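Everything below concerns the one structure shown next.
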Amino acid sequence: MNAELFAVFAGSSIRLAAPMLLASTGELVSERAGVLNMSVEGMMLTGAFIGAMASWWTGNPAIGLLCGMLGVLPVALLQAFLSVTLRANQVVTGIGINILALGGTTLVYREIFGSRSEAAIPGLARWSPPGLGQLPLIGDAVFHQVWLLYAGLLVLAATAWTMRHTALGIALHAVGVSPRAVDQSGVSVVKLRYGAVLFSGVMSAAAGCFISIGDIHTFTEGLTNGTGYLVIAAIIFGNWKIGRTALACLLFGAATAMQFQLQMFGLHVPTALLVMLPYLLALIAVAGLIGRQTAPPSLTRPFSR
């Protein structure tokens with residue numbers, strides 16, 4: 001393996017990890033607040049579709065990104081209403097929304113473009129941090145990424161600071177541990193959980209837009225291809241900690257990149273094994289084989305006053 005090929009592999013790993021990093025930032029806040037947002041996959045797909053269609057119609061990918069993030073809010077509100085207000089099973093409702101999103105986006109896309117069309121869509125610009133993009137060998141391959149990735153890193157840092165150092169972050173942590181104590185203190189559990197789910201929806205939509213208008217510049221049926229489920233696995237892998245979750249996303253991104261890069265390194269591994277590798281790592285994480293996992297005590301538990 002030479003340095004140039006390794007740089008290409010590293011850049012691909014970061015690019016493929018970016019959607020998981022964006023979505024996991026919001027999903028982690030939701031789970032810390034006690035709501036397992038299983039509809040991340042559907043929200044990503046909805047955001048990717050709306051963002052792609054708006055970018056195609058207006059010719060402006062920035063408007064497409066904004067429309068995608070705003071257009072997913074009704075889906076997030078539905079998830080919050082079912083999970084928080086109606087206190088329905090969060091796993092069942094999330095999977096139901098995922099199926100609804102897959103069917104809805106496929107139907108509308110086929111009505112607009114036909115069953116086999118892949119429309120070319122204006123994409124988000126790429127950007128390199130000053131100085132880093134000019135580094136030899138790794139500058140262009142690693143750091144020349146879609147600007148949304150760097151914006152996501154800023155949101156990740158801001159979220160980590162908010163969760164650790166502000167009253168809002170303390171309240172979100174507390175509502176996932178003991179919602180009754182939060183309620184008795186006079187803070188609304190319902191508002192906190194609604195806000196957490198909405199934030200998760202917006203970040204999931206940004207992740208979907210990263211794929212459709214940031215990376216491949218088109219939309220295809222079932223575009224997310226299970227990425228939302230890997231996001232949930234990454235949070236379990238990271239033991240509900242922001243830094244470790246980000247590293248888990250990078251690991252899953254590297255596992256996905258291997259599907260395309262190992263042949264360049266002269267390594268001949270069955271394609272089926274490479275395709276299943278990210279999900280195998282996710283299964284290991286969910287099974288608890290990497291150590292004890294400590295979820296928020298009130299995760300998935302409905303609250304009533």
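The values are calculated or read from the model by the stated rules, or taken from the named source; none is laboratory data. Because the structure is a prediction, the values reported are computed rather than measured. Cβ placement follows ideal geometry from the backbone for every residue including glycine, while neighbour counts extend to all protein chains displayed.
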How many residues, within segment 1-38, are under 11 Å from the mean Cα position of the chain (by Cα) and not in a helix (DSSP H, G or I)? 0
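Residues checked against (1) of a type in the set (Asp, Glu); (2) closer than 30 Å to Val84 by Cβ:
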{"position": "Arg126", "(1), (2)": "no, no"}
{"position": "Ala151", "(1), (2)": "no, yes"}
{"position": "Leu154", "(1), (2)": "no, yes"}
{"position": "Ala158", "(1), (2)": "no, yes"}
{"position": "Ala167", "(1), (2)": "no, yes"}
{"position": "Val175", "(1), (2)": "no, yes"}
{"position": "Asp183", "(1), (2)": "yes, yes"}
{"position": "Val187", "(1), (2)": "no, yes"}
{"position": "Val190", "(1), (2)": "no, yes"}
Is it the case that Gly176 is assigned to a helix (DSSP H, G or I), within 20 Å of the chain's Cα centre (by Cα), crowded, with 17+ Cβ neighbours inside 10 Å and not hydrophobic (A, V, I, L, M, F, W, C)? no
Is it the case that some residue within segment 199-214 is farther than 28 Å from Ser55 by Cα and not β-branched (Val, Ile, Thr)? no
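Return yes or no: is Leu66 within 18 Å of the chain's Cα centre (by Cα), part of a helix (DSSP H, G or I), free of Cβ contacts under 8 Å to residues at least 24 places away in the same chain and within 16 Å of Cys209 (Cα to Cα)?
yes
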Sole exception among (1) buried (at least 21 other Cβ atoms within 10 Å of the Cβ); (2) modelled with pLDDT under 95; (3) over 27 Å from Ile170 (Cα atoms) for Thr46, by number: (2)
From the list Leu102, Leu107, exactly one residue is at pLDDT 90 or above, in contact with a helix residue (DSSP H, G or I) (Cβ under 9 Å, 6 or more places away or on another chain) and part of a helix (DSSP H, G or I). Which is it? Leu102
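Which residue, of Val197, Val142, is modelled with pLDDT under 95 and assigned to a helix (DSSP H, G or I)? Lay out the reasoning, then the answer.
Details: Val197 fails: modelled with pLDDT under 95.
Being modelled with pLDDT under 95 and assigned to a helix (DSSP H, G or I) holds for just one of Val197, Val142, which is Val142.
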Counting only residues in segment 179-218 that are basic (Lys, Arg) and over 20 Å from the mean Cα position of the chain (by Cα), the one nearest to Val231 (Cα to Cα) is identified as Lys191
Going through segment 69-99 one residue at a time, which ones are over 19 Å from the mean Cα position of the chain (by Cα), exposed (fewer than 15 other Cβ atoms within 10 Å of the Cβ) and part of a helix (DSSP H, G or I)? Phe81, Thr85, Val92
Take segment 153-166 and flag every residue that is in a helix (DSSP H, G or I) and surrounded by fewer than 17 Cβ atoms within 10 Å (Cβ to Cβ). Leu153, Leu154, Ala157, Ala158, Trp161, Thr162, Arg164, His165
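So which of Gly186, Gly208, Gly169, Gly222 is surrounded by fewer than 18 Cβ atoms within 10 Å (Cβ to Cβ) and touching a residue at least 60 places away in the same chain (Cβ under 8 Å)?
Unique residue meeting the criteria: Gly222.
Restricting segment 179-192 to residues that are in a loop (DSSP other than H, G, I, E, B) and not aliphatic (A, V, I, L, M), which is modelled with the highest pLDDT?
Initial filter on segment 179-192 (in a loop (DSSP other than H, G, I, E, B)): 185-188.
Cutting the leftovers down to not aliphatic (A, V, I, L, M) gives us 185-186, 188.
Details: Ser185: 90, Gly186: 90, Ser188: 94.
Only one residue fits best here, namely Ser188.
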